[in-house]
1. Using DSSP to call loops (not H, G, I, E or B), can you name the GluC sites (Glu not before Pro) in the stretch 55-155 whose Cβ has at most 10 other Cβ atoms within 10 angstrom?
2. Can you give me the C-alpha center-to-center distance between the stretch 1-24 and the stretch 123-178, rounded to a whole angstrom?
3. 222 nm [θ] for the chain, helices only, -39500 (n - 2.57) per DSSP H run of 4+, per residue, to 500?
4. Compute the distribution of all C-alpha to C-alpha distances in the stretch 2-176, in bins of 10 Å from 0, and list the percent of pairs in each, rounded to whole numbers.
5. Using all C-alpha to C-alpha distances in the stretch 26-104, build P(r) with 10 Å bins and read off the rounded percent in each one.
6. With only alpha-carbon atoms counted, please give the Rg and Dmax of the stretch 86-178, in Å.
7. Which pairs, out of Lys21/Lys158; Lys8/Lys158; Lys16/Lys138, put more than 27 Å between their alpha-carbon atoms?
8. DSSP loop trypsin sites (Lys or Arg not before Pro) in the stretch 71-151 with at most 16 other Cβ atoms within 10 Å of their Cβ, which ones?
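Laboratory data are not the source of any read-out in this text; all were calculated from the coordinates shown. Note that the coordinates shown come from a computational prediction; the quantities given were computed from them, not determined experimentally. All Cβ positions, even for glycine, are placed from backbone atoms using ideal geometry, and neighbour counts span all protein chains on display.
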Amino acid sequence: MIQDTYQKAIKFAGEKHCNQKVPGTNSNYLLHLSNVAMEILMAYNADSNFDLDFTIQVALLHDTIEDTETSFDEIKNEFGEKVALGVEALTKNNHLASKNEKMIDSLNRINKLDKEVGMAKLADRITNLQEPPSYWSKDKTINYLEEAKMLHKMLHNKNEYLNMRLKNKINEYKKYIT
């Protein structure tokens, strides 16, 4: 059942991210993860043509390898290889030089996997397109918007509902540039 899948994944993620805050806030990182999962649930409500259990796990675990000491093998042992491969694709390769190269590399890896992995990335960016932290420069805010546009373009075929949500969030985010 989806509730059991959700509970197992959010408990694991909560333990791994226990000392992490949502950037620019005092909120526990579980707020971000649960918001990403909420976007997936709403997408499922709009069109149930995807594997909800798989997508929820990837959504809740998407930052564990990138932001914590969690390994690929640990996720594989707890949630299976398919979930681990999805989380790995959502993890930036820190051996690449620029942020842009890291994003393109991740999007290319995402596009080689099931659409659900791309859906988790779309939901992540939708959730992140809130008012930027006060310490961000205008250039960083502009670059974040440009990344969102690239993401929208490269993942356009994953889920119609999430694509429209991201498009709307991109348009709303433009107010932070002016």
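1. Here the sparse-neighbourhood loop sites are Glu69.
2. Cα centres, the stretch 1-24 to the stretch 123-178: 23 Å.
3. -21000 deg cm²/dmol
4. All Cα pairs, binned at 10 Å, distribute as 10, 39, 40, 11, 0 percent.
5. In whole percents, the pair-distance histogram is 17, 42, 34, 6.
6. Considering the stretch 86-178 through its Cα atoms, Rg and Dmax are 13.1, 37 Å.
7. Listed pairs above 27 Å: Lys21/Lys158; Lys16/Lys138.
8. Of the trypsin sites (Lys or Arg not before Pro), the ones in loops of the stretch 71-151 whose Cβ has at most 16 other Cβ atoms within 10 Å are Lys92, Lys112.
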